[in-house]
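Take a look at this one; I'll ask things after.
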Amino acid sequence: MLDREFEYYKTHENELLERYKGKFIAIVGEEVVGVFDSELEAYQQMKEKYGLGKFLLQHCVPIKDRLIQRYHSRVAFR
Amino acid sequence: MRFHTGLRAFTTRSTGIVRELINEIDVCEAYAPGTGRPAPVRCRYKAVWDTGATGTLISQKIAQELNLQPSGRENVIAVGPGGQSNTYETNTYLVNIYLPNEVGIVGVRVGEGEIAGGDVLLGMDIIAFGDFTITNYNGQTWWSFRTPPNEGIDFVEEINEYYKRPGMRMASLSPEERQRQRNRDKKGRQKHRRK
């Protein structure tokens, strides 16, 4: 789920960063369908418009500023 | 001490020393209270506090029970035995988290994973919303959390203040701590002079 949207973000990251730096963007398929200042606002509006699970929210910040979550114990991922 | 407006807090008191900090917390799909929208279903889960986790995680069980749908994907790094780390891609969800005593945190982006000992892993993203202390005084582990952050907590300063009182003798500090104390005093004097 949302693989296509995440892949789109990753392959177009540089241009999206240039355009929407610091904003939260909503992606459906391979299209940016919304630009927001807060993730919660984006979530509520996109949920009403597209339904849950149909859009990907991404914070447009450079990789160096983006926190990659790190877990030192207790956790397993599939 | 001064208290910030809207300060909320809780304290958990165990009857012995504990090796895990576990609370019952509520989780629901993200929504902004006070907007008139109906509140989503809220369920109670076992949560483990983990300062070794940069972010908060929920189990797949929670996502299913609350009927959550992912709103993002992210890369995560799990550090295993021997410091070996593996990178994974996981779903993320947007949720509200309610700690004990109705200490609510709205719109938290959480990842999904399997968590040993609980259903939620409360990471440093939640801890960073406030002040967090742990004490083991009298053989009992108590932990307390307040949000927003209200005041610095510095045990060294507390001890120093205590021994500054008339008639009190300074506690013996380790050579390293004495050096740190001298550096702090020096910095304080320099700052004062600059003013």
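Just so it is clear, none of the values below were taken in a lab; they were calculated from the coordinates. Note that the coordinates shown come from a computational prediction; the quantities given were computed from them, not determined experimentally. Heads up, the Cβs are rebuilt from the backbone with ideal geometry, glycines too, and the neighbour counts pull from every protein chain shown.
Length gain on complete extension for the stretch B:ILE153 to B:ASN67, per 0.36 nm per residue less the alpha carbon to alpha carbon distance?
The B:ILE153-B:ASN67 span can extend by a further 27.0 nm.
OK, next. Which whole-number value in Å³ per residue fits the convex hull of the alpha carbons of chain A?
118 Å³
I want to verify a result. In a Gaussian network model of chain B, Cα cutoff 10 Å, which of these has the top mean-square fluctuation: B:VAL120, B:VAL110, B:VAL41?
Largest GNM mean-square fluctuation: B:VAL41.
Still on this structure, I have one more. Let me have the relative contact order for the stretch B:39-195, percent, based on Cα pairs under 8 Å that are six or more residues apart.
After rounding, I find 22 percent.
Excluding B:GLY117 itself, what net charge comes from residues whose Cβ is under 9 Å from its Cβ, given Lys and Arg +1 and Asp and Glu -1?
+1
Per-residue ellipticity at 222 nm for chain B, helices alone: DSSP H runs ≥ 4 residues times -39500 (n - 2.57), over residue total, nearest 500 deg cm²/dmol?
Per the formula, -6000 deg cm²/dmol.
Which GluC sites (Glu not before Pro) does the stretch B:131-178 hold that lie in a coil by DSSP with at most 14 other beta carbons within 10 Å?
Passing sites in the stretch B:131-178 are B:GLU151.
Could I have the simple spin-label model distance between A:HIS12 and B:GLU24, label points 7 Å from Cα toward Cβ, reported in nm to one decimal?
The modelled label-to-label distance comes out at 4.7 nm.
Kindly flag which residue pairs out of A:LYS21/A:LYS47; A:LYS47/B:LYS61; A:LYS23/B:LYS191 have an alpha-carbon separation exceeding 31 Å in this structure.
Going by Cα-Cα distance, A:LYS23/B:LYS191 fall outside the 31 Å limit.
Moving on. For A:VAL75, A:VAL61, which order do you get if you count the other beta carbons within 10 Å of each Cβ and list the fewest first?
A:VAL61, A:VAL75
Just to be sure I understand the model, the point goes 7 Å from the Cα along the line to the Cβ. What's the resulting B:SER85 to A:ILE63 distance in nm?
Taking the two extended label points, one gets 1.4 nm.
What does the charge count around B:SER144 come to, taking other residues whose C-beta lies under 14 Å from its C-beta (Lys +1, Arg +1, Asp -1, Glu -1)?
Computed value for this residue: +1.
Helix B:155-164: angle to the longest alpha-carbon principal axis of chain B, degrees 0 to 90, nearest 10?
That works out to roughly 30 degrees.
Sticking with this structure for a sec: Mind listing P(r) for the stretch B:141-195? All alpha-carbon pairs, 5 Å bins, whole percents.
Percent of pairs per bin, in order: 4, 14, 16, 20, 18, 16, 10, 2, 0.
What number, rounded to the nearest 500 deg cm²/dmol, is the helix-based mean residue ellipticity at 222 nm of chain A, given -39500 (n - 2.57) per DSSP H run of at least four residues and division by all its residues?
Theoretical 222 nm ellipticity from helices: -11000 deg cm²/dmol.
Continuing with this model, one more query. Enter the angle in degrees (range 0 to 90, nearest 10) between the Cα long axis of helix B:175-194 and the first principal axis of the Cα atoms of chain B, meaning the one along which they spread out most.
That works out to roughly 80 degrees.
Please compute the volume of the convex hull spanned by the alpha-carbon atoms of the stretch B:1-155 and report it per residue in Å³.
Considering the Cα atoms of the stretch B:1-155, their hull volume per residue is 137 Å³.
Moving on to the next point. Would you please give the FRET efficiency between A:ALA76 and B:ARG193, computed as 1/(1 + (r/R0)^6) with r the Cβ-Cβ distance and R0 = 51 Å, to the nearest 0.05?
0.40
The stretch B:132-169 to the stretch A:20-78: how many Å between their Cα centroids?
39 Å
So if R0 is 41 Å, what FRET efficiency would B:ARG37 and A:GLU30 give, r being the distance between their Cβ atoms, rounded to the nearest 0.05?
Working from the Cβ atoms, E equals 0.85.
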